1. Nearest-to-axis residue of chain B, judged by Cβ, for the B-to-A rotation, with distance in whole Å?
2. Set Lys and Arg Cβ to +1 and Asp and Glu Cβ to -1, take the dipole of the range A:368-410 about its Cα centre, and tell me which of A:S390, A:I368, A:A379 lies farthest positive.
3. Going through the range A:1-103, which trypsin sites (Lys or Arg not before Pro) have at most 16 other Cβ atoms within 10 Å and a DSSP loop state?
4. Of the beta bridges DSSP finds with both residues in the range B:33-164, what % are antiparallel, to the nearest 5?
5. Please list, ordered by chain and number, the residues whose modelled amide H lies under 5 Å from the amide H of A:F186; skip anything fewer than 5 residues away on the same chain.
6. What does the copy distance list look like for A:E15, label position 7 Å along Cα→Cβ, in nm and ordered from shortest?
7. At 1.4 Å probe size, with every protein chain present, just tell me what the per residue accessible area of the range A:2-280 comes to in Å².
8. Using only Cα atoms and rounding to the nearest 10 degrees, what angle (0 to 90) does helix A:2-25 make with the longest principal axis of chain A?
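The values are calculated or read from the model by the stated rules, or taken from the named source; none is laboratory data. None of these values were measured; they are calculated from a predicted model. As a convention, Cβ positions derive from the backbone with ideal geometry for all residues, glycine included, and neighbour counts pool all protein chains shown. For accessibility, only protein heavy atoms count, side chains too; no ligands or nucleic acids. Shrake-Rupley method; radii C 1.70, N 1.55, O 1.52, S 1.80 Å.
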There are 2 protein chains.
Amino acid sequence: MQAKQDAELRKQAIELVAERVSRRISPSKQEADEEKRFAAEVSKKISGALDGKAEIKFVGSAARDTGLAGDMDIDLFVAFPKKLDRQEIIDRTIRATKKAVKAKWLMRYAEHPYLQTRIGKFQVEVIPCFKIEPHEKIKSAVDRSPLHMDYLQKRLTAAQKRDVRVLKSLLKNAGLYGAEVEVEGFSGLVCEQLILNHRSLAGLVESAAQWRPPVIVDIEGAYKTATGTEVLKQMFSGAPLILVDAIDRNRNAAAAVNETNLSKFICLCRAFWQSPTNPAFFSRNAPAPDKKKLRAALSQREHSLISLEFPKPNLIDDILVPQLRKSASAIARQLQLADFRVFDSTSFCSASQCFILMEVESDSLPRIKKLQGPPVADAKSCTRFLAEHSPEYWLRGPYVEGSRIFVEKKREVTKAVALLKKIIASPKEHGIASHLTAPLRKARIHEGHALLSSKGLDENALRAMEYFVFRRDWWLAPKR
Amino acid sequence: MQAKQDAELRKQAIELVAERVSRRISPSKQEADEEKRFAAEVSKKISGALDGKAEIKFVGSAARDTGLAGDMDIDLFVAFPKKLDRQEIIDRTIRATKKAVKAKWLMRYAEHPYLQTRIGKFQVEVIPCFKIEPHEKIKSAVDRSPLHMDYLQKRLTAAQKRDVRVLKSLLKNAGLYGAEVEVEGFSGLVCEQLILNHRSLAGLVESAAQWRPPVIVDIEGAYKTATGTEVLKQMFSGAPLILVDAIDRNRNAAAAVNETNLSKFICLCRAFWQSPTNPAFFSRNAPAPDKKKLRAALSQREHSLISLEFPKPNLIDDILVPQLRKSASAIARQLQLADFRVFDSTSFCSASQCFILMEVESDSLPRIKKLQGPPVADAKSCTRFLAEHSPEYWLRGPYVEGSRIFVEKKREVTKAVALLKKIIASPKEHGIASHLTAPLRKARIHEGHALLSSKGLDENALRAMEYFVFRRDWWLAPKR
């Protein structure tokens, strides 16, 4: 009884906080109206140029009133009948748009090409797609957007829209907002479906504070059978959060969310549930990164920081970020194979440079390595072992210890920097991702603090480095 | 067929080698006769002084012709009826011996007191004991010796006695001879029982080359039942070599042999079986330890050697050696608890000093330590973890990684030498053995080579250090 009352009080508090925060973060009525008016105008012009052969749909958070203030994205989907072919709808859209709206249109390429421009304060995108029905097989990834728009627009109440904005703000403040590869967090669409499923921000927070991964959210009950849960776990195996897309039951809408970020979200909700009125949840002031503090913190660690800096290749983030990550873990693996203990590693970019950082427990290893051989009782294996590890490398032994024989050998590499130089010299052989092998050959190696003196580090890169050095998910211990 | 012929050839070769080696290592006929004559003389005198109330038995390797040349031990056991009490037989033996044989007798103390002296080239011991029957409960550990004498004297042939001497020489040369705590190897008595059981040196070597620990040798077939093996393993659990004592089936005559030394013995027999004519098996020339070579070898390692040197307390080896070992492993454990990686450790003594050596992978640790917390899903444990590891020690975090929370803390100790100083300051609290706590307080700490400049290192100590540094059981790879 007490617990129930307590929960009720917390929900009311969250409701109040949401109301207050919402005022600060939502676009003004005027802003929202202006945005919609502008979108309607542009839509009308393009529609005219297409002779009504396609339907123009204004979708996305601006259209649904779930965007944050200052978010000026206008997404217009041009929906064609399914029978047309891909190239046709792209050509028609480009022709009509360029004819109807005079602006400096840029061609962009995702799964298929689309147009982008800036008109006044608005960022406008015009995207061709096919008209499909819910749960029908899509022809292109973008086909779902108009369906999501229909689905959510019909269902989200004004209060829920407000809650979506507050949730986005909460996540943004914690670095968990966005499905991009850099974030691997919660997209706007995931926020909307979560609020819809749990009815309110308070409902979502109360529930998420208790989540145990893997978490399954199935708004439409598409898998509401005895074996549904098992089927889903099989379909999306490894996913920590399975959010069955309301308009496509074969898709996990939250596929971008990785385990760490789901865990962070659970902790965040738990902390927010505990003290919803703590203003830190929505307004962490992040001062500019401070090189002095970073230098001091690094010197406190006494680990060995070794970093690689190399020119940033001209790639979109969707390709660059995973390639950097892959390369960083390949380097970490190479260090570990050579017996260096990698404490932590990270990768990030500035405007012009890429950085891969390795923190190792020690940057040099003893010259000698103890190799365990087979049990003495296994004569054949002993002979083979002694033959394989030939005497020229023995520094100590062979000897018997307990029931086994051992030899101690010279290591080939004893300095981490020497290993990194080898990797730079032949990146491909060491598992560096394809687009980075060429730039990595030009890499500079910084030891310890030296990185902080690099001119290539801009504020963004310093911020990434700051999180690496301090790595504090503050909401885990919000009282401090 | 081929294998059988091959084995036969090897056995013949071992026979030839034994014959040749035996000539060099056995006492001369004259030496042996002189020894026996002398023993008989002394026995007669003591017997006279006891008025025939006890039987004097000349036992041990000299009595049985199984000793090595230059081995001048004369062990005389004075066997009294069981009904007498302990103090009585001790008093009578001392009185009679001192009366009958004028010499500078010393009192020695093992399980019970006995007399020792040097007369000419002979080391004479006179030991009181009780007369018992085989497998009867003993009153004192020494009571078995006359029974062993009877048993072995009756059974060992001249050829077997020769083989015992050759086996002892083989073991001595490999550092495996002797049941003392410093060696934990094969006693003379174990050698005799092994040869008796396997009929010859060649038979023993052929068999031992195939041994798989735990090895059971049961000469008299005392446990020749369906469950005998299991019973023995239970009785002597953990023993790698169970040699059922021929005259006391409740005793493992090879209890002193540790796992490493049994494994070494197996390898040694295998190597000897492979190339019996290699003279190295009986005449390794061990040059005096070379400080220069030691220094060079140590500088090749790049491990951190840290050693403690402290005054040797006035204790018999049976007590000192285990206490040193216990203390060395306590220190190793302390280092490991503090996250230092102990590569190897050893302890040894010179005439005046004790040494404990620790080889650690690195003598300093990073300031920071990563502590894994509970899974995020376990809210209570997370709260407890964050409360236990209080913020004042956080250097990084708390943060979420994968499904768990982590904090990174300051280490209390980052230098191995600092930890050793702490141990020296309060030895008892750190598990140092009782007799060493006082001397350890006076310990000096040497880092790396510095130990080699210590005046306390004599040749014996240097030899122990040499085995530690090179640790080569040469017979594992005899060709080199």
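1. B:S362, 3
2. The Cα lying farthest towards the positive end belongs to A:I368.
3. Loop-located and lightly packed - A:K53, A:K82, A:K83, A:K102.
4. If I count the DSSP bridges inside the range B:33-164, around 65 percent turn out antiparallel.
5. A:Y177, A:G178
6. Between copies, matching label points for A:E15 lie 10.4 nm apart.
7. 47 Å²
8. Roughly 70 degrees, rounded to the nearest 10.
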